[in-house]
Amino acid sequence: MTHEPEQLGAAHRDLIRLVLDDDRPGRGVDRAVMAVLRDRQRARRWRTQAWLAAAAGLMVTLGLGVWLWPDGVTEAPSGTILVQFEFTAPDAERVQLAGSFTAWQPTAEFTRHPATGVWRVTVPLAPGEHEYLVVLDGARWVPDPAAHALVDDGFGQANSLIVVGPRGVVRS
C-alpha cells in the first residue's frame, strides 16, 4: 500500500521526503524517524494519562461521591432520596455514618455546625429499610438516639433503623 505525502502529517511528509531524496539513508533519516516515534509516544502517553485522570475522576464522583454527598445538595441521584442525619456529640473530634447502605464502612463524614455543635451529613438513600450506626472518633459505634426504631443486630446490640419511601423518610 502506498501513501501520498499529502495524506500524511507534516512530520511524516518530511520523513518520506528525506528517505526519497537521499540515496543512502544517514543520520538525518535516523534522527527524523526517532523524532516521529518520540512524538507519537508522547501523544499516546498524554492520551493515556488524560483518559486515566478522567476515569479516576468519574470513579470518585460515582463511588465516593455517593457517600460523601455535600450538605446543601438539592438533587439526589436517580432512584434515591436525600436524607439528612443530625447527631449531637459536643466532645467528638470526628463523626461518621456507617450502615447497610455503606456496606458498614464509616465513609459518610458528618460536618460540625460551628454555632450549634450539631453534626450533620446528607446521604442519598434508595427507598427501603436501612440499618445504621454513628461512629464517634473512629472507634465507638453507637445507635442514633433520635432514631424512632432500633433493631437487634444479631450480636446482642442494636442498630438504628430508617425507612425511606419514594417521597422521603417514612420512619426514622
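Starting from 0.36 nm per residue, how many nanometres of slack lie between residue 93 and residue 153 once their C-alpha separation is accounted for?
Gain on extension, residue 93 to residue 153, equals 19.0 nm.
Under 1.5 on a/c is rounded, so check that first for the range 68-171, then, if it is not, pick prolate when a/b is larger than b/c and oblate when it is not; a ≥ b ≥ c are the square roots of the alpha carbon gyration tensor eigenvalues.
Verdict is oblate for the range 68-171.
How far, in nm, would the chain grow between residue 167 and residue 78 when pulled straight, counting 0.36 nm per residue and subtracting the alpha carbon separation?
Full extension from residue 167 to residue 78 adds 30.8 nm.
FYI, it's all coordinate maths here, none of it is from the lab. From a predicted model like this one, the values you see are computed outputs, not experimental measurements.
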